[in-house]
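**Q** Got a structure for you, written out below as structure tokens; questions coming shortly.
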Amino acid sequence: MRKPFILISISLSLAIAASAQRSGGISDSMLRSIQHEQRDLGGTNRALQNAMSATSIDQLTANPQNAGLLDTHFSIETRRQSITDQQSSGRCWMFSGLNVLRGDFNLRTDSLVVDFSEAYLFFWDQLEKANLMLQGCIDNGTKPMDDTRVQFFFRTPVGDGGTFCGVADLADKYGLVPAEVMPETFSSDNTSRARQLISSKLREYGLQLRDMAQKGKRPASMERAKERMLAQIYHMLLYTIGTPPERFTYTFRNKNGQPVGQPREFTPQTFYQEVMGGKRLTGTFIMVMNDPRREYYKTYEVELDRHTQDGQNWRYVNLPMDDIEQMAIATLRAGHKLYSSYDVGKMLDRKRGFADTENFDYGSLFNTTFNMDKAQRISTFDSGSTHAMTLCAVDLDAQGHATKWKVENSWGASWGQQGYLIMTDRWFREYMFRLVVPMEYVPENIMQAWQTTPVMVMPEDPLFLMDE
């Protein structure tokens with residue numbers, strides 16, 4: 001019994017010795033120096049520490065100069081529509097995208113309104129993402145488990161997040177239905193548990209497909225296995241999100257809720273054609289971003305940043321903010337809303353629904369500065385696109401320059417400015433990242449950049465997280 005004890009003692013001694021020889025740790029002398037640098041917590045500093053122990057940092061640092069009444073006038077504003085609520089889910093990209101589509105429908109018909117079912121599109125989104133993950137396990141089945149691409153698929157088999165290209169691919173393929181035809185369920189509003197269970201099952205299936213690939217099974221055999229696996233995922237989605245309708249009867253209504261015309265029978269695809277005026281969404285827009293780390297007026301494509309195996313990757317033209325703002329203003333002036341995304345948590349006054357770079361003075365509280373620029377924040381994972389919202393208004397000064405912007409959020413009508421968020425232009429320039437622009441409002445030089453062969457970038461890049 002003494003031999004194992006001796007071996008453990010030797011191992012511990014070696015570990016301690018190795019630790020003592022390793023450089024870069026916090027030594028006793030370094031710790032004493034750090035502690036010596038701290039000011040004596042007496043008087044004002046003691047009061048500040050007491051205040052911080054019982055009060056939120058945002059309350060203590062709120063800028064009183066920004067506490068007055070907000071100017072809610074906008075010189076250019078699109079038509080108002082009902083505010084949506086994504087509840088406890090990460091589907092902001094879908095809510096924002098569908099907000100754009102229903103706004104365009106109202107603008108085209110001049111009177112009709114419609115609310116689309118997010119649950120319907122989410123059902124197909126989750127099934128398609130499951131297929132994307134399983135196919136990725138087949139395509140990379142002979143690579144080692146610690147390969148970057150293999151880990152990409154196993155880390156997040158399915159998720160709530162996404163981008164506007166997902167709205168386009170899913171709606172073009174599966175169509176749309178009205179909200180009352182397929183309403184929300186508990187698990188579509190609160191996605192975490194179902195997502196966890198489906199992800200766990202997909203990881204199990206992924207291992208089985210890797211085993212088949214490493215044993216040299218034929219592609220047709222693995223395809224049949226994948227189909228059986230997707231049948232189980234489909235079954236889980238039916239229970240948690242509901243059954244997607246194949247046919248339904250619907251009557252369009254005006255903004256007062258009055259029926260217009262007779263009830264008609266639709267499929268999801270024919271309803272989509274009706275509300276889109278017979279066109280598909282793909283091919284009607286371009287996506288732009290502001291990423292000061294990369295060369296402007298070039299097109300980039302994010303590998304594997306898509307919702308469906310046969311769909312489009314997130315592809316964008318990188319532009320300075322001046323160009324992005326001019327396209328946004330032109331589109332809003334024509335009455336169209338725009339899909340846009342932001343690092344929404346930065347300098348956000350949640351109670352007032354107001355975002356400004358001067359909302360809080362964190363530096364003074366801690367006697368320091370926070371001086372990274374936008375490029376540095378992106379590179380160090382300090383900032384990136386986290387939330388999609390629907391750009392709906394801009395206020396211009398006498399020279400035609402933007403001073404503030406407004407977006408429809410998807411956090412319910414009781415949040416912020418009755419469901420809206422107002423942001424200053426200086427905040428917009430620092431924390432806005434993505435914008436989807438109809439092609440008719442894109443200048444020729446930017447369209448030419450869009451049509452060039454894109455530079456491929458990796459999905460692990462700090463900027464390419466899914467909007468949630």
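The values are calculated or read from the model by the stated rules, or taken from the named source; none is laboratory data. In this text the structure is predicted, and so the values were computed from the model without any measurement. Every residue, glycine as well, gets a Cβ built from its backbone with ideal geometry; the counts of neighbours run over all protein chains shown. We work out accessible area using only protein heavy atoms, side chains counted, and drop any ligands, DNA or RNA first. Shrake-Rupley method; radii C 1.70, N 1.55, O 1.52, S 1.80 Å.
**Q** Considering only strands (runs of 3 or more DSSP E) fully contained in segment 266-348, which possess at least 1 residues that are of a type in the set (A, V, I, L, M, F, W, C) and at pLDDT below 95? It would help to see each step written out before you state the result.
**A** Values: elements: 285-289, 298-302, 314-318, 338-342.
So the answer is 298-302, 314-318.
**Q** Do we have Asp104 as modelled with pLDDT under 95 and out of contact with any Leu (no Cβ under 9 Å at 6 or more places or on another chain) here? Spell out how you get there, then give the answer.
**A** Details: modelled with pLDDT under 95: no; out of contact with any Leu (no Cβ under 9 Å at 6 or more places or on another chain): yes.
No.
**Q** Of everything in segment 385-401 that's polar (S, T, N, Q) and touching a residue at least 24 places away in the same chain (Cβ under 8 Å), which residue is surrounded by the fewest Cβ atoms within 10 Å (Cβ to Cβ)? First the steps, then the outcome.
**A** Initial filter on segment 385-401 (polar (S, T, N, Q)): 385-386, 390, 399.
Restricting the remaining residues to those that are touching a residue at least 24 places away in the same chain (Cβ under 8 Å) gives 385-386, 390.
On the way: Ser385: 27, Thr386: 20, Thr390: 27.
Going through the qualifying residues, I end up with Thr386.
**Q** Sticking with this one: Would you check if Asn371 is surrounded by fewer than 23 Cβ atoms within 10 Å (Cβ to Cβ) and either out of contact with any strand residue (DSSP E or B) (no Cβ under 9 Å at 6 or more places or on another chain) or farther than 24 Å from Ala62 by Cβ (or both)?
**A** Values: surrounded by fewer than 23 Cβ atoms within 10 Å (Cβ to Cβ): yes; either out of contact with any strand residue (DSSP E or B) (no Cβ under 9 Å at 6 or more places or on another chain) or farther than 24 Å from Ala62 by Cβ (or both): yes.
The answer is yes for Asn371.
**Q** Could you please tell me which pairs satisfy a Cβ distance under 9 Å, a separation of 6+ or placement on different chains, a first residue in segment 57-76 that is free of Cβ contacts under 8 Å to residues at least 60 places away in the same chain, and a second residue that is in a loop (DSSP other than H, G, I, E, B)?
**A** Ala67/Arg352
**Q** Within the set of pairs 6 or more residues apart or between chains, which connect a residue that is closer than 19 Å to Ser385 by Cβ inside segment 438-461 to a residue that is part of a helix (DSSP H, G or I) and open to solvent by 60 Å² or more (accessible area, probe 1.4 Å) with Cβ atoms less than 8 Å apart?
**A** Filtered contacts from segment 438-461: Glu460/Thr148.
**Q** Exactly one condition in (1) under 19 Å from the mean Cα position of the chain (by Cα); (2) in contact (Cβ under 8 Å) with a residue 12 or more places away in the chain is false for Asp382; which is it?
**A** Result: Asp382 fails condition (2) only.
**Q** Could you grab the pairs with beta carbons closer than 8 Å, sequence gap of 6+ or different chains, first residue in segment 411-424 and closer than 22 Å to Asp189 by Cα and of a type in the set (D, E, K, R), second one in a strand (DSSP E or B) and at pLDDT 95 or above?
**A** Here the result reads none, with nothing in segment 411-424 linked to a residue that is in a strand (DSSP E or B) and at pLDDT 95 or above.
**Q** Residues to consider are Arg79, Arg46; find the one that is farther than 14 Å from Leu365 by Cα and basic (Lys, Arg).
**A** Only one candidate qualifies: Arg79.
**Q** Of all residues in segment 1-43, how many are open to solvent by 100 Å² or more (accessible area, probe 1.4 Å), closer than 17 Å to Asn367 by Cα and either among the hydrophobic types (A, V, I, L, M, F, W, C) or at pLDDT 70 or above (or both)?
**A** So the count comes out to 4.
**Q** Would you mind stating whether Gly335 is exposed (fewer than 14 other Cβ atoms within 10 Å of the Cβ), within 30 Å of Ala413 (Cα to Cα) and of a type outside the set (A, V, I, L, M)? Don't jump to the end; show me each part of the working.
**A** Details: exposed (fewer than 14 other Cβ atoms within 10 Å of the Cβ): no; within 30 Å of Ala413 (Cα to Cα): yes; of a type outside the set (A, V, I, L, M): yes.
Here the answer is no, as Gly335 does not meet what is asked.
**Q** For a quick check of your reading of the model, give me the residue pairs whose first member lies in segment 249-274 and is surrounded by 12 or more Cβ atoms within 10 Å (Cβ to Cβ), whose second is assigned to a helix (DSSP H, G or I) and of a type in the set (Asp, Glu), with beta-carbon atoms closer than 6 Å and at least 6 apart or on different chains.
**A** Filtered contacts from segment 249-274: no entries.
**Q** Could you pull out the residue among Arg203, Arg224, Arg195 that is modelled with pLDDT of 95 or more and under 19 Å from the mean Cα position of the chain (by Cα)? Give the derivation first.
**A** On the way: Arg203 fails: under 19 Å from the mean Cα position of the chain (by Cα); Arg224 fails: under 19 Å from the mean Cα position of the chain (by Cα).
Answer to the selection: Arg195.
**Q** Check Cys92 against each of (1) touching a helix residue (DSSP H, G or I) at 6+ places or on another chain (Cβ under 6 Å); (2) buried (at least 24 other Cβ atoms within 10 Å of the Cβ) and name the one condition it does not meet.
**A** (1)
**Q** Right, next: For the subset of segment 152-170 comprising residues that are out of contact with any helix residue (DSSP H, G or I) (no Cβ under 6 Å at 6 or more places or on another chain) and more than 19 Å from Ile198 (Cβ to Cβ), which member is modelled with the lowest pLDDT?
**A** Cys165
**Q** Same structure again: Could you check Ser53 against (1) within 28 Å of the chain's Cα centre (by Cα); (2) open to solvent by 60 Å² or more (accessible area, probe 1.4 Å) and say which number it fails?
**A** Failing condition for Ser53: (1).
**Q** Let me ask something else about it. Could you check how many residues of segment 402-438 are open to solvent by 30 Å² or more (accessible area, probe 1.4 Å), more than 26 Å from Gln376 (Cβ to Cβ) and not in a strand (DSSP E or B)?
**A** Here the count works out to 4.
Quick grid of which residues meet (1) under 18 Å from Asn131 (Cα atoms); (2) among the basic types (Lys, Arg):
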| residue | (1), (2) |
| --- | --- |
| Ser221 | yes, no |
| Arg247 | no, yes |
| Gly261 | no, no |
| Glu301 | no, no |
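**Q** Considering (1) closer than 30 Å to Asp139 by Cα; (2) in contact with a helix residue (DSSP H, G or I) (Cβ under 8 Å, 6 or more places away or on another chain); (3) basic (Lys, Arg); (4) open to solvent by 30 Å² or more (accessible area, probe 1.4 Å), say which one Lys226 fails and leave the rest.
**A** The one condition Lys226 does not meet is (4).
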